[in-house]
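The values are calculated or read from the model by the stated rules, or taken from the named source; none is laboratory data. Because the structure is a prediction, the values reported are computed rather than measured. Here Cβ is always computed from backbone atoms with ideal geometry, including for glycine, and neighbour counts include all displayed protein chains. These area figures cover heavy atoms from the full protein model, side chains too; ligands, DNA and RNA do not enter into them. Shrake-Rupley method; radii C 1.70, N 1.55, O 1.52, S 1.80 Å.
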Amino acid sequence: MINKNSPIPIYYQLAESIQKQIDSGDLQPGESLPSEREYAEKFEISRMTARQALNQLVNNGYLYRVQGKGTFVADKKIEKPLVGITSFTEDMLARGMKPSSELLHFELIPATEHIANQLQIKEHRPVYEIKRIRLADDVPMAIETNYISANLVKGLTEQIVNHSIYAYMENQLGLRIEQATQTIESSIAEPIEAQSLQIKPGVPVMRIQRIAYLHDGTPAEYVISSYRADRYKFMVQMHRK
Ligand code: GLP
């Protein structure tokens, strides 16, 4: 498995071969891995090299460590296509997972200048500020804060946002999201965020900002989210011009 004459660094070869075992299912989520010492002995490499390989996979979210217990295979990341607009609820149901939300904040507020600009409404107009932890099979995946004009999306309640905002807009109000612009930036979890996401502070997250529009170009929501970088990866098909 390890070729010491190869120009490819040994730690990299080991990391790749462990990753292959994870991808093929030979190593299952939750399964414990051999220790650094065991890898070092098996492949006649240094413990430092074995540690480097495991570190790489820990940093990329494929493995996690439990102090005093060892290294384990992490749950598979959710691969989210970037083309096509889906709601969190639809996304999870399509993957056979149970979506749920924990509502942290629900308030009607006057739009600040920034929010008013994003939603193309006048400053101080009423907007819902909704902050939810989004969970898949009861595991926190993201925190999302939505700003939605109350004059456009009427009658939102805590009960509705605990279920699905998009389903309510489409099925009850006939407001269909047609387009969105989204930016994704890497960042690290702030302490409060980390607590809600059940990750350590300082762990990477992806900050996503979305403005979603109705067919006539009216902004329907402005959303700021933090997605767990250890649980998500984004995928896009590209064509060369
Ligand atoms: C995704 C999007 C959000 C959107 C949400 C709606 O998470 N990133 O911009 O507000 O879906 O989800 P739901 O309909 O489940 O409330």
Using a 1.4 angstrom probe on the protein heavy atoms only, could you order Glu170, Glu16 from most to least accessible area?
Glu16, Glu170
Placing +1 on the Cβ of each Lys and Arg and -1 on the Cβ of each Asp and Glu in the stretch 78-235, which of Val223, Gln198, Phe106 has its Cα farthest towards the positive end of the resulting dipole?
Gln198
Most fluctuating of Asn162, Asn171, Asn59 in the GNM of the chain (C-alpha, under 10 Å) is Asn171
Solvent exposure, largest accessible area first (probe 1.4 Å, DNA, RNA and ligands not counted), of His105, His239, His124:
His239, His124, His105
Counting alpha carbon pairs within less than 8 Å and at least 6 residues apart, what relative contact order, in whole percent, applies to the chain?
16
The chain: most fluctuating residue of Val66, Val83, Val127 per GNM, C-alpha cutoff 10 Å:
Val66
Placing +1 on the Cβ of each Lys and Arg and -1 on the Cβ of each Asp and Glu in the stretch 10-73, which of Gln19, Val66, Ile45 has its Cα farthest towards the positive end of the resulting dipole?
Val66
Lys, Arg +1 and Asp, Glu -1 on Cβ, resulting dipole of the stretch 10-73 about Cα centre, debye, nearest 20
240
How much length is gained on full extension from Glu16 to Lys77, taking 0.36 nm per residue of separation minus their Cα-Cα distance?
20.3 nm
Leaving out ligands, DNA and RNA but keeping every protein chain, what accessible area does Ser149 have, in Å² rounded to the nearest 10, with a 1.4 Å probe?
10
Would you list which aspartates and glutamates come within 15 Å of Lys20, measuring only between C-alpha atoms, while excluding same-chain residues fewer than 8 positions from it?
Glu31, Asp75
Helix 47-59: angle to the longest alpha-carbon principal axis of the chain, degrees 0 to 90, nearest 10?
10
Under unit Cβ charges (Lys, Arg +1; Asp, Glu -1), what dipole magnitude, rounded to 20 debye, does the stretch 78-235 have relative to its Cα centre?
180
About its Cα centre, how strong a charge dipole does the stretch 186-241 have in debye, to the nearest 20, once Lys and Arg get +1 and Asp and Glu get -1 at the Cβ?
380
Using a 1.4 angstrom probe on heavy atoms only, work out the carbon and sulfur share of the accessible area of the stretch 10-73 in %.
44
